[in-house]
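Written below as structure tokens is the structure these notes are about.
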Amino acid sequence: MSKPTPISGFPEWTPAQRMIEQFVLDRIRATFELYGFAPLETRSVEPLDQLLRKGETSKEVYLLRRLQADAEGPAGDDALGLHFDLTVPFARYVLENAGKLQFPFRRYQIQKVWRGERPQEGRYREFLQADIDIVDRDTLPAHFEAEMPLVIGDALRSLPIPPVRIQVNNRKICEGFYRGIGLTDPEAALRAVDKLDKIGPAKVAELLAETAGASEAQAKACLSLAEISAPDASFADAVRALGVSHPLLDEGVDELVAVVETAAAHSPGLCVADLRIARGLDYYTGTVYETQLVGYERFGSICSGGRYDNLASSGAARFPGVGISIGVTRLLGLLFGADALSVSRSVPTCVLVAVTAEEHRAVSNAVADALRGRGVPTEVSPSAAKFGKQIRYAERRGIPYVWFPGADGAADEVKDIRSGEQVAAAAGEWTPPRADLRPLVGQG
């Protein structure tokens, strides 16, 4: 095989990075389950008409097709695409299984997704997301929108990463405000404002005029709303000071006040009301979230989501929901790029059992079996080289302990190769310090 050409946007972590990823996933999963979310995994493909139904996603969807058509095979394969998020497949799953689910249905989902973006630091074409959603039948109480930031705050706070700040807004505020100033296409206005960080206020004003039919005064009002930001409920006074009135605006302000106040009671400083946050996908209808990693703000959000009322419906039955997603690969890619995460060793192994001679390898295997049976990650030396070489092998791999089986009735001994301390030990009793049992993940 000739030297392969790398494919950008499809990250392959080193074993040490993969261990960090597993640690992160375990912590996130544990927090999700503490809040009562149950695990779910959906298929990787969805019908194209479902993937393209909401939002500006058509240029990002990867198609699925066979290299050679099978005339006798299942029809419709050419109309399938890889899912670009986990919300659309989750909505489909709820519709298909509504009769079997207990509502409100709380699920978490940790899976890869695929998106045809231009690869760059923190942005990939294949990446891992960790989602939570709460869906109910017919109506979903607004207090669930206030719960989302609490779960994410606890999950991310459990990790050895910089602090996060969750920016929250409510689509009803934006839509009500836009309608209150006379705009008839609030969705176009939302999409324009969502580009504020990328293209700046002047270009957004032009876009508002082009796509939403905004006058100069209306565009200025939209930008004034987007400038409002506060770490507490005082944002509501700033909105009212703009002098715009609409019932939907008032409803959105009340809901966002509840989110901000709930978050402040649980985790002061976690949330900030930021009315420029719009989210580009059309299916959001209420609270929306974006999360900044402090010190990495220039890379954008590492966790986002929102309330959706119309994504899942079947006839007269509606299933409104609210969800939020951690971009796990995005988060880790940024931190790996900055050498901001480290792991205490590059292998899970805690103990290397030395081999005194090849004809005695069975003795070493028995020691390893005894240690593994007690939960100690153990491997046996690949060769019966001199003990010095076996110790150096352990050093190169970061294995902290080497076990020496006793000869001629002598006791076994275990050596901490970092300190040089060597003591008698029995495989059925010896336990390493807790800090050595598993690799430790920390800030780099």
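Results, tabulated for the structure shown:
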{"quantity": "Pairwise FRET efficiency - residue 397 versus residue 49, Cβ, R0 = 56 Å, nearest 0.05", "calculated": "0.65"}
{"quantity": "Computed [θ] at 222 nm, deg cm²/dmol, the chain (DSSP H ≥ 4; -39,500 (n - 2.57); rounded to nearest 500)", "calculated": "-11000 deg cm²/dmol"}
{"quantity": "Sequence of 319, 10 from largest to smallest accessible area, 1.4 Å probe", "calculated": "10, 319"}
{"quantity": "Mean separation of Cα contacts under 8 Å, 6 or more apart, over the residue count of the chain: relative contact order %", "calculated": "16 percent"}
{"quantity": "Accessible surface of the stretch 221-262, 1.4 Å probe, proportion on carbon and sulfur as whole %", "calculated": "51 percent"}
{"quantity": "Computed FRET value (nearest 0.05) for residue 103 with residue 342, which takes r as the C-beta separation and R₀ as 56 Å", "calculated": "0.80"}
{"quantity": "Residue of 382, 162, 47 that the Gaussian network model of the chain assigns the largest fluctuation, springs spanning Cα pairs under 10 Å", "calculated": "382"}
{"quantity": "Residue-normalised accessible area of the chain, expressed per residue, 1.4 Å probe, Å²", "calculated": "48 Å²"}
{"quantity": "Dipole magnitude (debye, nearest 20) for the stretch 353-444, charges at Cβ of Lys, Arg, Asp, Glu", "calculated": "440 debye"}
{"quantity": "In Å², nearest 10: area of residue 14 left accessible to a 1.4 Å probe", "calculated": "70 Å²"}
{"quantity": "Gain in span if fully extended, residue 137 to residue 313, counting 0.36 nm per residue against the direct Cα distance", "calculated": "62.4 nm"}
{"quantity": "Choice from 378, 349, 431 with maximal GNM fluctuation in the chain (Cα, 10 Å cutoff)", "calculated": "431"}
{"quantity": "Candidates 338, 16, 189, ranked by Gaussian network fluctuation over the chain, Cα under 10 Å, top entry", "calculated": "338"}
{"quantity": "Degrees separating the helix 387-397 axis from the principal Cα axis of the chain, which is the longest one", "calculated": "0 degrees"}
{"quantity": "GluC sites (Glu not before Pro) restricted to the stretch 346-444 and DSSP loop, no more than 11 other C-beta within 10 Å", "calculated": "421, 429"}
{"quantity": "Partners for residue 389 among lysines (Cα-Cα distance below 26 Å; same-chain residues under 8 apart left out)", "calculated": "415"}
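The values are calculated or read from the model by the stated rules, or taken from the named source; none is laboratory data. Computed from a prediction, not measured in an experiment: that's the story for all the values here. As a convention, Cβ positions derive from the backbone with ideal geometry for all residues, glycine included, and neighbour counts pool all protein chains shown. For accessibility, only protein heavy atoms count, side chains too; no ligands or nucleic acids. Shrake-Rupley method; radii C 1.70, N 1.55, O 1.52, S 1.80 Å.
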